[in-house]
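Data block below; observations after.
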Amino acid sequence: MMFPINHKTIFVLDHTPYFGISSEFPIEFDVPKNRGYLPVPPICKSLWTCSVEAAVEYCRVVWDLFPEGKLVRLIVSDTTAHMLNTWVAAQQNLTHLLNGLCLVGPVRRGAGGDVEGLVAAIEALAEPSPAQVSRPPDRLFQNRGRVICITSARDNDSIKNLKDIAHNTIVQLNKKASLAQPAGTSESTSTTPQTLVIHYCHILIINVTPENAETRVTNQPLTEIAGGQIGVEVIVSRASALANLLARLVLPHYKLATTTVTGIPMKEEQNASSSANYDVEIVHSEDAHTGLRASQTAAEAAESVVLRWWTPRGAEGGASGCCGALWRVTPADVASRPSACLVNFLLNGRSVTLEVPRKGGGRSASHVLAAQGGELWIGALGARTPYDDPPALSEGAGGRVTDYRIKEFGALMQQNRLHPMRGAGANARSRARLQRHTTYWPLTISSTLIFNLGSVLEPLTRLVVQETLTDEEVETCRGVLLALLAMESRHEFPTAQLPSNMRGKSSGRREEQWRQVWGELEALVRAHAAAPQHRALLRVLLDCRAHNNHSSDGESRATVIRATTDSPLSPVGAGNGAAEVWAPRNVLDALLAAPRPPRRPDFAGRMAAGTRVATLYPQLQQDVETSH
Amino acid sequence: MPTVLMLDVSLSMSRPVPTSDTTETHTRFTIATAAINTFLDYLCVHAKLEYVALVTFSSMYEVAVPFTREFDTIRSKLLQLDEGDKTCIDTALLGVNQIVLNEWGCQTPVQIIMITDGSSGVGTIGRNRIVQALPLPPSYPAKIHVLPIVSPHDTSLQHAMPLYQKIVDLANNTTSNSNGNMSRGSIYCPDQLTVPGVITAITRLCEQHYQEFWCALKCGQLETRVQLFPAPQTVSHEGVDATYTLANQLHVIGFIQQQDLGTPMAISKHLVIPQAQPGGNAAARENYDSKTDRPTKEGSSSTDGSTTEEDLSDPSKIPNFCVLLHGALKVEGMAAVVVLGAEWWGTLTAWCEASRSRRSCLLLSVLRPGTAAAPWLGALDQLGPAEEGTTTAESFPVRSWRSYSSGGSACAWARPHALLADVQKVLRHARKLPDKTQHLFKELNRLRRAAISLGFSELLTAIGNALERECTALPPSAPSECALQLAHAANALRDPRTALDIKHTLTPLGPNYNPSMSH
């Protein structure tokens, strides 16, 4: 089920001299409104031109609607088979094909045949596509595909001959592939593209003739041969009708359907005051029509669904109103002026609602056309959704809390905006960053003081969430802390900065408020204390905090200020290790041991011992040793 | 998922059930009623938001109660149902299809529970005819469960089983369903024909298919427990052979402007309903103070203290991250991108229902698995934060290379009008020489390129001839340059050496044109 038949399609284009003859279908250049130009005489395309443009148009529809996963190859067949592209994604586009076709050129004299191309096409089908290569080898899948062979045979016998050749080629290739597989599975998985067994091949032979030529080839409906392994179908077509035929065939091949958007008002000229109505046919997945025609016959299904343009007013509509899936859209006739107008209208960011035309009044919007990321999409406007009439948030958990820090979370969201990046690990980086930014993040205004202090604390709260701090940034933070300390010493309320309505909520005693400020600050900084600069900041903070818990006599404050004005980063004799606030301990210890009190430096012995067991009274031991 | 209860009210449902207990008499119908009541009881507790409809059927079908969340109307309706005649499953399913399509359209998955009497009502031939006539698979995604009110050893059940199995299988066999496949329905046979037996069976059904879905919504260290409604289904996809089941943690990876996000293809959408934190107060604050065992709240405890007592009993007064997120998304007009699993993403948006109560809520859109679910955002696994201090080179939308103007280089000439327009353009320019000389040659080169790739040399010759005739028809007053340029272009187009060589580019004659150089 993994790879449907339309995963791989191969066109075989007959490039033999016969295809150089004229299609005998003259294209008139004489138009009624010929304003004095000399008439250009009608010209006829060659069979080759007809088949190339039809195949290219088929490819355009496929690649427009399926940027990946649906692969098409073109093989030009004369004396040898010319492969215009491979299954590689970089070669699955029109530009590549057209460049290749330029080099092929018109048909030349010389022998050749369609057989070469057909055999090459079947071999191409046995080559794995990139998606098939990347499958784990133990997973079995069906390798299926379609070969569309545009040729011109003399009679049914020649067609039969083609079928037999295709059949034999598949049988032989499969034999080779199944022989190669058991030997190659275990050790040589790295060998260059192995051939795959072909499980099913749909061979569509289109027999092309000029307008007035007799042909003895007849249409043959799809018949399965070789035990259902091959399905062969023969269609006879005039060269002039070939493009229409393939445009029709692409629909069932890729489960597509067409919609005719009717009544699109368009101005004839740039500044014309009047407008005429035009129709544009678009192609998209047939799923977009599900439900529109609940009981349709096969004949109806092949017709285009007509939907009326619903002139957009203001901001109404848009794809956001559509709750279901979206499907890619491409115009059926890409070169027509109305198509180009519609495409430009949508690509400029506007969207339009389509309605089902009703005879007896009443409007019912059914679809939305819109562009996103430079591509066109159609969406079905659904009926009800099972999640309509949702329960009110205000009645659920947390619904009656009114002082969420919404504005601050908005700022956090802006800081954590996603951008299209290159390279791996972008998601992980972004998650790590969110993790840092939310380490200490009170949900409500009333549960925090420090985040309400605004400009006083802003530099610190903004800087501390960074992954690393520079020395200057640590210095800035220290400035903030000292300013706080100064405020406290002036016996100011920390909430004095707040607007009066917020101040009321945290109406504790002054000392309590200051204790909360320092407590929160410590939690904030400690949560980030991973990098050395952060730890330095933490030490400064702890010094300040230690002061906060002492009785506020002038002398101790002075020492604190003196202590904290020495840069914590200046090398302190023994080095940073000794200046750590806490001795390192491993996770198990951290879990088992009692929580470390916040305001007291660790026991000196443990600091010295590091991760080892700390010895008590080491001097005692030394004394004993020296006395001996 | 909305649910249709299909209740068989055929005459055979009124058969009394033999029982040793003489105080109570039961018919198959009353047992079925008990099963439905049990089902509704279960929903009241676990899935209050589910829509349920009751459809009765015999040879006809009738919508007894249309889709509703007021389960009591169904309960009371059960007491007033009329008896019908003969079980006719295919007609009933046809009716159900119509009801579902009218109400929910073809994109909403629906569960159908068929409660019947365990006999198909026909012989083998008739049964096969029913199988042929079943209006399945429906055009909407559905799963059908069958609950036959029958003793497990009843011979009629053996006979009806293949039919039931076929119904369950076919319901799942949706062909035109782009939204992935749902898990299959089942047949729930009671192990004995008693009220408790049937209640056990329906309870099993409920537990397997109506489980509420809980998960943790995480944004960095902020976390809350949420319920997703409707419960997400396991999805599998064409072209992807793995199945995708939602993990029980949704990790926010970042945020994105709503207009950048657009409306990516969602395979399902779910309400995100905040739930009270288990363990009450302590866990509610877990985010910011119990992570580190610091008494950070010592100060605020006094402010909270006054109101704490009644707050703790009322979860709506305990701050919940989900509510905050919703508010901020709404104010900023942003959406959050969440990781749902390996190579699987979703988006969280503040969604305001347009039609009814205008209530706003948080909505999770589950995207199609894979990195390309929203091509205009680029590969989803490469969404990342902007480096601090630098501006990113790329921004949304990430443009695809595709262009709708006939592939850029090619000319889609399959329809004559396109060819006509291009030829006329050339002739228009040709008449406006020397002003349009550059345009003429640019257009000729475009035309040449297309003609060469299509092997359409006839066109080039024809245009060459047309230009030559334009040249002869020039009025005597025209500057001499016009004639020179036209003749030059006409010759170049008809020269077999240059015309069909793609590497050759036609250029206008320079100002110091010297006739001897042209040949």
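The values are calculated or read from the model by the stated rules, or taken from the named source; none is laboratory data. It should be emphasised that the depicted structure is a prediction, and the values quoted were computed from it without experimental measurement. All Cβ positions, even for glycine, are placed from backbone atoms using ideal geometry, and neighbour counts span all protein chains on display. Side chains included, ligands, DNA and RNA excluded: accessible areas come from the protein's heavy atoms. Shrake-Rupley method; radii C 1.70, N 1.55, O 1.52, S 1.80 Å.
The listed residues are B:LEU474, B:LEU486, and the only one of them that is surrounded by 15 or more Cβ atoms within 10 Å (Cβ to Cβ), in contact with a Cys (Cβ under 7 Å, 6 or more places away or on another chain), at negative phi and part of a loop (DSSP other than H, G, I, E, B) turns out to be B:LEU474. Among B:LEU228, B:LEU250, B:LEU271, B:LEU246, which is the only one that is at pLDDT below 85 and aliphatic (A, V, I, L, M)? It is B:LEU246. Condition check for B:ALA342 on (1) at the interface with chain A (Cβ under 10 Å from one of its Cβ atoms); (2) surrounded by fewer than 22 Cβ atoms within 10 Å (Cβ to Cβ); (3) of a type in the set (Gly, Ala, Ser): one failure, at (1). Scanning the range B:259-272 for residues that are open to solvent by less than 30 Å² (accessible area, probe 1.4 Å) and within 9 Å of chain A (Cβ to nearest Cβ) gives B:GLY262, B:THR263, B:PRO264, B:MET265, B:ALA266, B:ILE267, B:HIS270, B:LEU271. The residues of the range B:403-428 that are facing another protein chain (nearest Cβ under 7 Å), at pLDDT below 70, open to solvent by 20 Å² or more (accessible area, probe 1.4 Å) and on the phi < 0 side of the Ramachandran plot, listed by number, are B:SER405, B:SER409.
Output the residues belonging to the range B:413-447 that are touching a residue at least 24 places away in the same chain (Cβ under 8 Å), part of a helix (DSSP H, G or I) and over 20 Å from B:LEU484 (Cβ atoms). Matches in the range B:413-447: B:LEU419, B:ASP422, B:VAL423, B:ARG446, B:LEU447. For the range A:434-445, the count of residues that are out of contact with any Leu (no Cβ under 7 Å at 6 or more places or on another chain) and closer than 30 Å to B:THR108 by Cβ is zero.
Within the range A:462-495, the set of residues being part of a helix (DSSP H, G or I), within 13 Å of chain B (Cβ to nearest Cβ) and touching a residue at least 12 places away in the same chain (Cβ under 8 Å) comprises A:LEU463, A:GLU473, A:PRO494, A:THR495. Return the residues of the range A:510-526 that are at pLDDT below 80 and more than 8 Å from every other protein chain (Cβ to nearest Cβ); say none if nothing qualifies. Of everything in the range A:510-526, those that are at pLDDT below 80 and more than 8 Å from every other protein chain (Cβ to nearest Cβ) turn out to be A:ARG510, A:GLU511.
Of the residues that sit in the range A:215-244 and are under 22 Å from A:ASN174 (Cα atoms) and among the charged types (D, E, K, R), which one is least open to solvent (accessible area, probe 1.4 Å)? Only one residue fits best here, namely A:GLU233. Any residue in the range B:16-25 that is in contact (Cβ under 8 Å) with a residue 24 or more places away in the chain and closer than 19 Å to B:ILE112 by Cβ? Within the range B:16-25, not a single residue is in contact (Cβ under 8 Å) with a residue 24 or more places away in the chain and closer than 19 Å to B:ILE112 by Cβ. For the range A:424-441, filtering for residues that are under 25 Å from the mean Cα position of the chain (by Cα) and at the interface with chain B (Cβ under 7 Å from one of its Cβ atoms) leaves 8. A:PRO252: open to solvent by 40 Å² or more (accessible area, probe 1.4 Å) and either not in a strand (DSSP E or B) or not assigned by TED's automatic domain parsing to the domain that holds A:LEU173 (or both), yes or no? When the stated conditions are applied, A:PRO252 passes them.
Each residue in the range A:394-413 was checked for being without any contact (Cβ under 8 Å) to a residue 24 or more places away in the chain and either farther than 25 Å from B:GLN259 by Cα or more than 7 Å from chain B (Cβ to nearest Cβ) (or both), and 10 pass.
Does A:LEU449 satisfy the condition of being at pLDDT below 85 and over 16 Å from B:LEU324 (Cβ atoms)? Answer is yes for this residue.
Would you mind finding the one in A:ARG293, A:ARG308 that is at pLDDT below 75 and over 30 Å from A:VAL171 (Cα atoms)? Unique residue meeting the criteria: A:ARG293. For the range B:120-148, the candidate set comprises residues that are among the hydroxyl-bearing types (Ser, Thr, Tyr) and open to solvent by 30 Å² or more (accessible area, probe 1.4 Å); within that set, the residue that is nearest to B:ALA266 (Cα to Cα) is B:SER139.
Per-residue answers, yes or no, for (1) of a type in the set (Lys, Arg); (2) over 25 Å from A:HIS199 (Cβ atoms); (3) crowded, with 19+ Cβ neighbours inside 10 Å; (4) at pLDDT below 85:
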position: A:PHE25; (1), (2), (3), (4): no, yes, no, no
position: A:VAL31; (1), (2), (3), (4): no, yes, no, yes
position: A:PHE66; (1), (2), (3), (4): no, no, no, no
position: A:GLN92; (1), (2), (3), (4): no, no, yes, no
position: A:ARG109; (1), (2), (3), (4): yes, yes, no, yes
position: A:VAL119; (1), (2), (3), (4): no, no, yes, no
